[in-house]
Structure formats: C-alpha cells, structure tokens
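This report refers to the structure that appears directly beneath it.
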Amino acid sequence: MKRMSTPQLLMIEDDARLAQMVGEYLTQSGFLFTHAGDGASGLEQLQQHAPDLVILDLMLPDTDGLEICRRIRSLPAPASKVSVLMLTAKGDPMDRIIGLEIGADDYLPKPVNPRELLARIRSVLRRVQPAAGAPHAEGGEIAFGPFHLDLGRRELSRDGEPLKLTSGEFAVLSVLLRHPRQPLSRDRLMSLARGREHEAFERSIDVSIARLRKLLEADPRVPRLLQTVWGVGYVYVPPGESA
C-alpha cells in the first residue's frame, strides 16, 4: 500500500445521511473522504482512486458487503491489499466471523459511533503504515522453513512466491514469530497485534490463526508451526522443534 501524509478513505454505504455525517467527521479529523452508494460504484472508485482504507457496509442495494469484500481480495495488487473495515448491522456474530474469514481487517457494529470508528480506522492504518521507530518499520525478514516474512514490506512468501495476507493476519503472525516458543493468550496477542483501542473480539484471533494455518501448515488439522496451548492460547514452534 502507498504511504500518504493524508490517508484517503472510501465509504461504500447506501445510507446517504450516515455517509455524510461520517464523512464530515472524518474530514475534520484529517482524512480525505469519498463515498459510493452501492457495491458496483464502490469497486469502480476503489480501482480508480486507490484509497488506503474502505469502510464497507454489510447491506448494500445491489449486493452484500461480504461479496464486495471477496471481490476486493480477488483484485490484482495493490487494490487487493486495501484495508477493509466492515460495518455490520446484523446481531448474528457469524456475519462478523465470515467477514474476517474472507479478508476484512476489522468490523464495527451499527449504529456507528464516529469516535469509535475513528479509533478503529487509526488502529488498522497503524498496522499497515506503522509509525517511524515501530518494530515493523525497521524492516528485516524472518525465515522459517520455506517461508519468509518481510516485516518492512509486510509480505509473506513461500519459496519466493507471494501469499496473500490481510493486515490483521500479518499483525498476528509477526507477533507469534517474534515470540517463538512463548505461549500467548488471545488477549495478549490482541494487545501486541492491534493495541488497546477497542475491546478484543476473541473470535477474530481464532479466525486469523485458522487462516494462517491454511497458508503455513502441511495439515491445518494437525498444526506444527502455530500450535494451540489449551487453556492459554497459541504458540509458534519453529520448524524442526517439538512442541
């Protein structure tokens, strides 16, 4: 993703009044803001203007936000790497879990509190564009087995072939790799990976781990690298070492 002094946001939301309110608040907070009223025009604007983050409503007039998120992640880079914050009006937590599973970086239930939305946006953007002096900004690369995690470019590859990661998955993986053999609770993982801007959604860590296992493990059902420590959380075990 590009680095900008003024981050650009795209909101895909059919509620024009909500979009206007959010847009005014975020503009006053120092962001560039654009709005699309449906999924099709949102995807068009995404590819034309390359925003830093998309605020994506789950319910849209022409399709649903989950399908739009799938389409975003299937686009060629760099469009596919845009951060996605999903707005969920439904009470069923499965909508949030599915959103995370298909590549959303975070979620926020409606009705939207503008101050909380601002905090979530800043949190996601920090994971993608870390502040100077932060560990990821120093660069470096972690090699484990056939995999390489480039901390500066925030990219994962296997035998030189790039693998797709959301910013949340990168944050969780980088924390685990930088704490080998140290069991970390979900709360500790959330704190190290995402900060304390909002209450930890414990299930989101489980979803990130499940997606990472599909990328990294020979058999995700019997993980060797990212292991579960029952009653505690998760631990990274370097290749060739026993649990």
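The values are calculated or read from the model by the stated rules, or taken from the named source; none is laboratory data. Remember, it's a predicted structure, so these values are computed and weren't measured experimentally. Note that each Cβ is placed from the backbone with ideal geometry, even for glycine, and that neighbours are counted across all protein chains shown.
Descriptive notes on the structure:
- Enumeration of residues in the range 88-125 that are modelled with pLDDT of 80 or more and among the charged types (D, E, K, R): 105, 106, 110, 115, 116, 120, 122
- Annotation note: of 173, 225, the sole residue that is within 20 Å of the chain's Cα centre (by Cα) and either at pLDDT 90 or above or at negative phi (or both) is 173.
- Filter result (charged (D, E, K, R) and either surrounded by 13 or more Cβ atoms within 10 Å (Cβ to Cβ) or part of a strand (DSSP E or B) (or both)) within the range 142-162: 150, 154, 155, 158, 161
- Residue within the range 32-53 that is out of contact with any Ser or Thr (no Cβ under 9 Å at 6 or more places or on another chain), among the aromatic types (Phe, Trp, Tyr) and over 19 Å from residue 99 (Cα atoms) present: no
- Of 115, 70, 122, all but one fail to be out of contact with any helix residue (DSSP H, G or I) (no Cβ under 8 Å at 6 or more places or on another chain), assigned to a helix (DSSP H, G or I), farther than 25 Å from residue 191 by Cβ and not assigned by TED's automatic domain parsing to the domain that holds residue 169; the exception is 70.
- Of all residues in the range 138-195, those satisfying the criterion of being within 18 Å of residue 216 (Cβ to Cβ) and hydroxyl-bearing (Ser, Thr, Tyr) are 157, 166, 167, 174.
- In summary, residue 98 fulfils each of the numbered conditions (1) hydrophobic (A, V, I, L, M, F, W, C); (2) in a strand (DSSP E or B); (3) without any contact (Cβ under 8 Å) to a residue 60 or more places away in the chain with the single exception of condition (2).
- Residue satisfying all of: in the range 211-233; in contact (Cβ under 8 Å) with a residue 24 or more places away in the chain and either assigned to a helix (DSSP H, G or I) or hydrophobic (A, V, I, L, M, F, W, C) (or both); farthest from residue 161 (Cα to Cα) among these: 232
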